[in-house]
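K.L.:
My questions all concern the structure below.
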Amino acid sequence: MSAGQRAKAKAEQVVGKTVRKAAHAMHEETLAAKGAALETRGRLRGAKERAKDTFKR
């Protein structure tokens, strides 16, 4: 996995988790769902890159 894609995936996970937790604390369920979606997108991006690396070798 390239370093840029790895950093982007991790950043999406961290930002998504932060948004989700802050939204839950403020009882903003719509924003919490958007944060969870961002976190999931980051996890999936990381998984995609790991899969690409697996098949390259």
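K.L.:
Once the other residues with Cβ under 12 Å from the Cβ of Val14 are scored (Lys, Arg +1; Asp, Glu -1), what is the net sum?
P.N.:
+4
K.L.:
Here's a follow-up. Between 0 and 90 degrees, rounded to the nearest ten: what's the tilt of helix 3-25 against the longest Cα principal axis of the chain?
P.N.:
Tilt of helix 3-25: around 20 degrees.
K.L.:
Something else now. Select one label from (i) 1.14; (ii) 0.95; (iii) 0.97: the one whose number is Rg/Rh (Cα atoms, Kirkwood Rh) as derived from the coordinates shown.
P.N.:
Label of the calculated value: (i).
K.L.:
Hey, another quick one. Helix-derived [θ] at 222 nm for the chain: sum -39500 (n - 2.57) over DSSP H runs of at least 4, divide by residue count, nearest 500?
P.N.:
Roughly -32000 deg cm²/dmol at 222 nm, from the helical runs in the chain.
K.L.:
Taking the dipole about the Cα centre of the chain, with the C-beta of Lys and Arg at +1 and of Asp and Glu at -1, give me whichever of Ala33, Ala23, Ala3 is farthest to the positive side.
P.N.:
Farthest towards the positive pole: Ala3.
K.L.:
When you count, for each residue, the other Cβ atoms within 10 Å and take the mean per peptide, how do 25-35, 8-18, 42-52 rank with the highest first?
P.N.:
The packing order, highest mean first, is 8-18, 42-52, 25-35.
K.L.:
Excluding same-chain pairs closer than 8 in sequence, count the lysine pairs in the chain whose Cα atoms lie under 29 Å apart.
P.N.:
The number of close lysine pairs in the chain is 19.
Bear in mind these aren't lab numbers, they're just calculated from the coordinates by the rules spelled out. Keep in mind that what you see is a predicted model, and the values were worked out from it rather than measured. Glycine also receives a Cβ, built like all others from the backbone with ideal geometry; neighbour counts cover every protein chain displayed.
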